[in-house]
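Student: The following block contains the structure, expressed as structure tokens.
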Amino acid sequence: MPVWITRAAPDNLATARRLRQRGYGSVVVPVLTTRAIDHAPVDGRPDAIVFTSAHAVRHHRRPAVNDTVPVFAASEATARAAQGAGYANITSTGGDEQILSGLLAHILPPGGRIVEYCARRTSPRLSRTLSGLGLSVDHLAVYESVALDGSEIGDTAFSTGVGGIMVHSCVGARAVRRIIERNGWRGRIWCISPASAAQFAGLDGVALSCAAEPTEAALLALVEREVLPTRWASLARLDRAPLRPVPLPARGPARRRRPARDDDDDGPPPAA
């Protein structure tokens, strides 16, 4: 059962890679894109920089800092983007805010200044946590997500036999709802937060689940708990076709099976 990843590129590719590692096929058709928000450059030298996504790296205006300033990235993909932008002292915390806040509180002096580059609608939870630890945080929105024209997006995704949809934001949730209302799809939707799940209120024929916390790690854990694996995790590889659930034999006389043919193969997994 392919899972439709609706988030914007390039983060959608990282999500698809994590799903493959767990043995699931995916359909990568974004419903969003991003655009920069005009913002003033940061004054002075911060003690640390936090990037919440690869989009934040791509759209930010680099401050005048040297390579010794520690940079913290929300994921490996974000860390690679920061490295490509010229930063050298980079740590990825894998989307774990507790690890991130603990590291910053450990390495920075009381009152240390942090610049958090993020989206317009990024939750201020991390900033509040860091402020509570005695650190100074500049919460700087450098981009926003906007919905793409959904006239053909749904047809493209649903033609692959999508069985579930991952939603990473409220903007994405609203875009997905409009597509479902046009296409009449029915199935399960996994949302990263209660706010994104609320966008589907009153929509018939869909089963909603919400991640325990608003992180990709929690969202992936939710999918893993609720989806019947399409492949054994130990055999999940890009060059292997998905294994499908085997139906129980029907009651009655055993029937002779015909020889397998080359065209019986399910084919390669969906492209990520």
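Student: Name the residue from Thr93, Gly132, Leu103 whose Cα lies farthest towards the positive end of the charge dipole of the range 87-135, charges +1 on Cβ of Lys and Arg and -1 on Cβ of Asp and Glu.
Tutor: So the residue we want is Gly132.
Student: For His106 and Asp149, compute 0.36 nm times the residue count separating them, minus their Cα-Cα distance, and round to one decimal in nm.
Tutor: Full-extension gain reported as 11.0 nm.
Student: Going through the range 1-89, which trypsin sites (Lys or Arg not before Pro) have at most 14 other Cβ atoms within 10 Å and a DSSP loop state?
Tutor: Those satisfying the criteria are Arg61.
Student: Karplus couplings for the range 175-182 from phi (6.51 cos²θ - 1.76 cosθ + 1.60, θ = phi - 60°), rounded to Hz, Gly and Pro as x?
Tutor: In residue order, the calculated couplings are 5, 5, 4, 4, 5, 5, 5, 7 Hz.
Student: Which residues' amide hydrogens lie under 5 Å from the amide hydrogen of Trp4, considering only partners 5 or more residues apart or on another chain, with H built in the peptide plane?
Tutor: Excluding prolines and chain starts, which carry no amide H, the hits are Val27, Gly163, Gly164, Ile165, Met166.
Student: Please state the charge dipole magnitude for the range 25-126, taken about the Cα centre, from unit charges on C-beta atoms (+1 on K and R, -1 on D and E), reported in debye and rounded to the nearest 20. Mind dumping the intermediate values first?
Tutor: On the way: 10 positive and 8 negative charges, 66 e Å.
With Lys and Arg at +1 and Asp and Glu at -1, about 320 debye.
Student: Quick one: 3J(HN,Hα) in Hz for the range 29-38, Karplus 6.51/-1.76/1.60 with θ = phi - 60°, rounded, Gly and Pro as x.
Tutor: Ordered by residue, 3J(HN,Hα) equals 9, x, 9, 10, 9, 10, 9, 6, 9, 5 Hz.
Student: Between Val69 and Arg120, what is the spin-label point distance in nm, taking each point 7 Å from the Cα along the Cα→C-beta axis?
Tutor: 2.5
Student: Just to check I understand the Karplus step: with θ = phi - 60° and J = 6.51 cos²θ - 1.76 cosθ + 1.60, what whole-Hz values come out for the range 10-26, glycine and proline as x?
Tutor: Result, rounded to whole Hz: x, 5, 4, 5, 5, 5, 4, 5, 5, 5, 4, 4, 8, x, 10, x, 9.
Student: Next question. By its C-alpha gyration tensor, with a ≥ b ≥ c as the square roots of the eigenvalues, how is the range 3-66 shaped: rounded for a/c under 1.5, else prolate for a/b larger than b/c, else oblate?
Tutor: Judged from the Cα gyration tensor, the range 3-66 comes out oblate (a/c at least 1.5, b/c at or above a/b).
Student: Would you mind getting me the FRET efficiency between Ala88 and Glu181? Use the beta-carbon distance for r and R0 = 51 Å, nearest 0.05.
Tutor: Details: r = 48 Å, r/R0 = 0.93.
Efficiency, rounded to the nearest 0.05: 0.60.
Student: Continuing with the same structure: Would you please give the residues with an amide H less than 5 Å from that of Ser92, counting only those at least 5 places away or on a separate chain, with H modeled from the backbone geometry?
Tutor: Correct list: Ala73.
Student: Okay, next question. I need the shape label for the range 59-118. Rule: rounded when a/c is under 1.5, else prolate if a/b > b/c, else oblate, with a, b, c from the alpha carbon gyration tensor.
Tutor: Cα axes put the range 59-118 in the oblate bin.
Student: Under 5 Å between amide H atoms, partner at least 5 residues away or on a different chain: which partners does Val50 have, H built in plane at 1.01 Å?
Tutor: Under 5 Å from the amide H of Val50: Phe72, Val115, Glu116, Tyr117.
Student: Considering the alpha-carbon set of the range 35-146 alone, what are its Rg and its Dmax in angstrom?
Tutor: When restricted to Cα atoms, the range 35-146 yields Rg and Dmax of 12.6, 38 Å.
Student: For Asp204, project a label point 7 Å along Cα to C-beta. Then give me every residue of the range 172-193 with its amide nitrogen under 15 Å of that point.
Tutor: So the set is 181-187.
Student: Can I get the semi-axes of the range 117-159's equivalent ellipsoid? Compute them from the C-alpha gyration tensor as square roots of 5 times the eigenvalues, in angstrom, largest first.
Tutor: Working from the Cα gyration tensor, I get semi-axes of 36, 11, 5 Å.
Values in this text are rule-based calculations from the coordinates and carry no lab data. Quick caveat: nothing in here was measured; it's all calculated off a predicted structure. Cβ coordinates were reconstructed from backbone atoms using ideal geometry, including for glycine residues, and neighbour counts include every protein chain displayed.
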